[in-house]
1. Averaging the inverse of every distinct alpha carbon separation and then flipping it gives the Kirkwood radius. What is it for segment 356-490, in angstrom units?
2. Starting from the Cα of LYS21, draw a straight line to each of the lysines and keep only those under 29 Å, dropping any in the same chain fewer than 8 residues away.
3. Below 19 Å, Cα to Cα, which lysines can LYS404 reach? Residues fewer than 8 away in the same chain don't count.
4. Using label points projected 7 Å from each Cα along Cα→Cβ, tell me how many nm separate ASP13 and ALA183, to one decimal.
5. Add +1 for every Lys or Arg and -1 for every Asp or Glu among the other residues with Cβ under 12 Å from the Cβ of ASN524, and state the total.
6. Rank-order 165-174, 408-417 by packing density, defined as the average count of other C-beta atoms within 10 Å over each peptide's residues, highest first.
7. Straight-line reach from LYS410: which aspartates and glutamates fall under 13 Å, measuring Cα to Cα and dropping same-chain residues less than 8 apart?
8. Once the Cβ-Cβ distance between ASP414 and GLN243 is put in as r, and R0 is 51 Å, what FRET efficiency do you end up with, to the nearest 0.05?
Amino acid sequence: MSVPASPRIDSSDLSVEQVYKDFYAVPDFQREYVWQPENVEQFVNDITEALYDEYGHPTKEGEYFIGSIVVCAEDGVYRLIDGQQRMTTIFLLFCAIRDFLAAKQSKTPEALSKMIFDTRTSDAGEDIRDARLVLQYEDSRDALKVIAEREMSPGAISRDTASIENLVEAYLTLLASLEQRFAQTPDGARVFFAQVIRRVKLIRIQTPDLSQALRVFETINDRGVGLNAMDLLKNLLFMRASQSSHGKLKEGWKKLISCLDDCGEKHLRFLRYFVLANYDNYKTEANKPLQEDEIFDWFRKNAEALGIDKRPLEFLHLLLTNANDYRGFAEGKNPSKQENRFLLNILRASGRARQHLILMLAARGLPDIALIELAKHLEYLFFSYNIAREPTKVFESRFAEWAKDLRACKSLDDMQMFIEKRIRPELGQLERRFDLAFSELTTGSAPKYRIRYILAKLAQHVDEEGWQREIRLEDYFDNSRIEMEHIYPANPSDEAIAEFDKAEDGDAVIPRLGNLTLLEKPLNASIQNDTFSGKLPAYSQSRILLTRAIAGTAEFGGNTSLKRAVAGLKAYSTWRSGEIEDRQMALAKLAKYVWGMNIPAG
């Protein structure tokens, strides 16, 4: 397919389906793919929240806008000058949906296959079979093509550059997300594909040549495109302020934007959460929480009550103080600047999720001890929601309702009453789904960073009990010191295969949580793909008690705190499929203590 020449700059509002009727190439001078698993997961979550209701059903109307891309045409291909992170992620999503459906033996739509590979006509009139998206920069080393060609076998991709690592992890994260959402209803992935290609929209800006494309790119990134609720609110404040106040207003607004940008926060999400956290009348006429496209209308209608009409500087100060506290919470700190380790833990568990900040904002005036207690229980609840696959819209709506109770809290005692009223019963409702999720947990059913968080929390709990001191969760994420270890190896030696009872089922048991542990890097390097009997001496030397317990506790001697810490964990002399199942159940039971499920409501 030949791209028509264009003597001027054209701008088109297109669906993903329309965009991927053409071919794209990311030039070799572009920076590499940098999105992390949490960015990828958030991208999918944002799309899902926009297109599906709280019950997991597609909404009947509405679209989701993901921004703009800048392109110029050359030899039947659009050179992608701006927007490669989103375009690459969408392409990887197509590959993941295709491979998920294939694994579930569910039919792959022909349109999906053609959005990955198809035939185009070059300017010389030749037919060329090509991927819809090609990365031309050296650091990609054809990794995207390997994924697109379904060649993701072990060793097919050497992760020797950051870009390749990011591409592979993004693809695996998308597969895990599909598994989480559609494991029981694989056909739902086809419906999801249809929703994405028809209702996700973007603006494609086409220029006649590369130099024009680069100038447009610089303009977009310097000035932004269009006016959103943030821009409109700024204009409203300036309209209501006296001329003499404009200098202070401009300075305060600059601080507000800088504050949000410093913590990587979306401006509209902050505005929305500011409303949900601080005001009772946050619901729309449809009796649902305010959405981003309704924010400015809400501010305009409530301008007098909020003080925007008469005291715009005071209102801007309120926004700014909320933003400063919001940034602190997002970075794991209370307004006093005291570190709140439970907020940091939520970041580890949930990537860039922010829904818990609605409640932290509502409680921001409370003393540190109360904020820490709230954050601890929010970590319990937020992780339980994630592991039980509770729809984001459902618990976000609950948090907005609970914010009113938090605004009334004045002390730690008030906070304890709030926890007993709201959080404990919610944990009780989630218990059965939590148990089921943990009994089936694998590296294929959750993102890699969340599996690491789970192992780290379990290890932290046992170590704190055993060593009788507080240990930072961050200590378990230092890849230069501690690695995630497969007890029955992912690439077992012949001896390890011979020692295992169901080697033919290795693909099913290797990724199970019961087959995973954390181990110091030097010890892990010494055992690699060894047999279980060969690994036991290394486990017995580990300072991580969760791992050490696998080899036994005889060397603990009379140290009762160490023995008490591992009391529910077995030692193993052999490692087979039955032992993996046994340890999975033991870790699931331990998890209920670690995430507060063992404490009854009321």
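1. Hydrodynamic radius (Kirkwood, Cα only) of segment 356-490 equals 16.8 Å.
2. LYS60, LYS104, LYS107, LYS114, LYS145, LYS201
3. Straight-distance partners of LYS404: LYS283, LYS288, LYS393, LYS421.
4. The two pseudo-label positions are separated by 4.0 nm.
5. -1
6. With the highest mean Cβ count within 10 Å placed first, the list reads 165-174, 408-417.
7. Answer for LYS410, where 13 Å is the Cα cut-off: ASP368, listed by chain and number.
8. After rounding to 0.05, the efficiency reads 0.70.
Here, each number is a calculation from the coordinates, and none is a lab measurement. Keep in mind it's a predicted model, so treat the numbers as computed, not measured. FYI the Cβ positions are ideal-geometry reconstructions off the backbone, even for glycines, and counts take in every protein chain you see.
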